[in-house]
Amino acid sequence: MNDEIKAFDAIVVGAGQGGIPLAVALANNGWSVAVVERKYVGGSCINSGCTPTKTMISSARVAHLISRAKEYGVDCAPCSVDLSKVIKRKDDIVKSFRDGKRNLLLSTPGVSLIEGNARFVDKKQLEVELVSGGSELIKADKIIIDTGTSPSKPPIPGLDNATVLDSTSIMEIDKIPEHLLVIGGGYVGLEFGQMFRRFGSEVTIIQRNKQLLPLEDQDVAAEIEKILKGEDINVLTSTDTTKIDKPANERIVLIVKTGAEELTLEGSHLLVATGRNPNTSFLNPEATGISLDKKGFIPVNNQLETTVPGIFAIGDVNGGPAFTHISYDDHQILLKNLVEGDNTNISGRLLPYVVFMDPQLGRIGMTEKEASDKGYIFKVAKIPMSWVARAIETDETRGLMKAIVDTTTGRLLGAAILGIEGGELMSALQIAMLGNVPYTIMRDGMFAHPSLSESFNTLFSSLES
């Protein structure tokens, strides 16, 4: 180890979607910044999350549209999927994004990219085990942890003896599964389940909770289940996986329990999509005095500072919702506070997200249940997508639109758009919420015809009927 300690104004541990722009912005403000990355620049979003999954989902949607071509009066040859080409397309896009982020760091004056594993020695100092060999010591008054999360494994008997796929490894398989078993009915399970069904796999989703996407309203979850079953995906809710067997023929066998009934499910591949664990094991945060929570996440206050002054945690590793845009917003908040001496915090920020199944589920603000639990007096605007002219014209009528409106103020409390371009429609409602626009403006506004946005006229008019 090199005993010389290199000093910086700030150290960012993890080159994710919050850490990279923060490092560049600090450097552009005259700070010297070290960015430590143990594997790939870009974080899970670019390398194993948003970018690769949505790229493959796009391929699956093309296959799905071709299978429906006759419904549009178009006669296509039988569709076949070359998974190797799907994966190559995904890899090429990932590499392009990753290289772009890496080049940004390398070309920014004041930023030093250090490739290796970082662990705390004390509150201001880190030892980096270099990828190239050896190690070095670095220190700074401000240290930002952006190490993200990794797929977790549930404590199911037999899991360690079976060949198991997670959200990263399933994107590297060399053939389309004959029957994909999916444990977990959250975002990851639904996106991959539908994707591989469209590639040609038989798919079974096993969900422990009574509904898919447990944080969503029951009516939204029921519509999602209906959509998936409409594509011949087998969905088992209120179902526990009690045991996993791997017989001699290399198949995967799940023993599951639904109520009092025990079932045996057999498949060719198993995807476990039951959550993520924080990447903190190597970091040795205990050397700073930081106490991890019971799941290993790093608790922070509403300004993203840990219990140790000068050490911050942004993105997934601090235990908040695991979305890239949260990590990016974290960096903006921290930048204002560190550079401008501001007092910005995360309290009250709106949380948008999109589940990239097809059709998309775009979500912003409170669900109906959350609004009720918090004591709001509200009205619910709700219409099926089959009432939307543009959806009818494109033959994409699955899903629904739902908005929660405060009765007293007329302001939107939240919305769920399950339908074609649901994420984009949700974003329009998010802008209305950011501007405190009452629902009547959306109800009475003039939108281009025939566009999806004009459905806001219909949606909010439903409150008056």
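Key figures for this structure:
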item	result
Flag for L452 being crowded, with 20+ Cβ neighbours inside 10 Å, part of a loop (DSSP other than H, G, I, E, B) and within 25 Å of the chain's Cα centre (by Cα)	yes
Residue check for K39: modelled with pLDDT under 95 and surrounded by fewer than 20 Cβ atoms within 10 Å (Cβ to Cβ)	yes
Filter result (more than 23 Å from K243 (Cα to Cα), buried (at least 24 other Cβ atoms within 10 Å of the Cβ) and in contact with a strand residue (DSSP E or B) (Cβ under 6 Å, 6 or more places away or on another chain)) within the range 188-206	F196
The range 299-342, subset closer than 27 Å to G362 by Cβ and of a type in the set (F, W, Y), residue nearest to the chain's Cα centre (by Cα)	F323
Matching residues, the range 313-324, being out of contact with any Phe, Trp or Tyr (no Cβ under 8 Å at 6 or more places or on another chain) and either surrounded by fewer than 18 Cβ atoms within 10 Å (Cβ to Cβ) or among the hydrophobic types (A, V, I, L, M, F, W, C) (or both)	A313, I314, A322
Qualifying positions in the range 77-88 - at pLDDT 95 or above and either within 30 Å of R119 (Cα to Cα) or part of a loop (DSSP other than H, G, I, E, B) (or both)	V81, D82
Residue within the range 178-185 that is hydrophobic (A, V, I, L, M, F, W, C), out of contact with any strand residue (DSSP E or B) (no Cβ under 6 Å at 6 or more places or on another chain), surrounded by 15 or more Cβ atoms within 10 Å (Cβ to Cβ) and at negative phi present	no
Test result for L83, assigned by TED's automatic domain parsing to the domain that holds N117 and in contact with a Leu (Cβ under 9 Å, 6 or more places away or on another chain)	no
Residue list for the range 237-283, restricted to those being under 27 Å from the mean Cα position of the chain (by Cα) and part of a loop (DSSP other than H, G, I, E, B)	T237, S238, S268, A273, T274, G275, N279, T280, S281, F282, L283
Scope the range 154-181; condition closer than 19 Å to R89 by Cα, touching a residue at least 12 places away in the same chain (Cβ under 8 Å) and of a type in the set (S, T, Y); matching residues	S167, T168
Enumeration of residues in the range 409-449 that are small (G, A, S), loosely packed, with under 14 Cβ neighbours inside 10 Å and under 24 Å from Y376 (Cα atoms)	G435
Those helices (runs of 4 or more DSSP H) lying entirely in the range 1-76 with at least 1 residues in contact (Cβ under 8 Å) with a residue 12 or more places away in the chain and under 20 Å from G200 (Cβ atoms)	50-67
Enumerated strands (runs of 3 or more DSSP E) restricted to the range 89-180, each holding at least 2 residues that are assigned by TED's automatic domain parsing to the domain that holds G43 and in contact with a helix residue (DSSP H, G or I) (Cβ under 6 Å, 6 or more places away or on another chain)	111-120
Among residues of the range 360-407, those that are among the basic types (K, R) and either under 24 Å from the mean Cα position of the chain (by Cα) or modelled with pLDDT under 95 (or both), counted	4
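For (1) of a type in the set (S, T, N, Q); (2) outside the structural domain of L361 (by TED's automatic domain parsing); (3) free of Cβ contacts under 8 Å to residues at least 24 places away in the same chain, each residue gets a yes or a no:
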| position | (1), (2), (3) |
| --- | --- |
| D373 | no, no, yes |
| D395 | no, no, no |
| K402 | no, no, no |
| T409 | yes, no, no |
| L418 | no, no, no |
| E424 | no, no, no |
| L429 | no, no, no |
| S451 | yes, no, no |
| S455 | yes, no, no |
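The values are calculated or read from the model by the stated rules, or taken from the named source; none is laboratory data. In this text, all values refer to a predicted model and were calculated from it rather than measured experimentally. With ideal geometry, Cβ positions are generated from the backbone for all residues, glycine too; neighbour counts draw on all protein chains shown.
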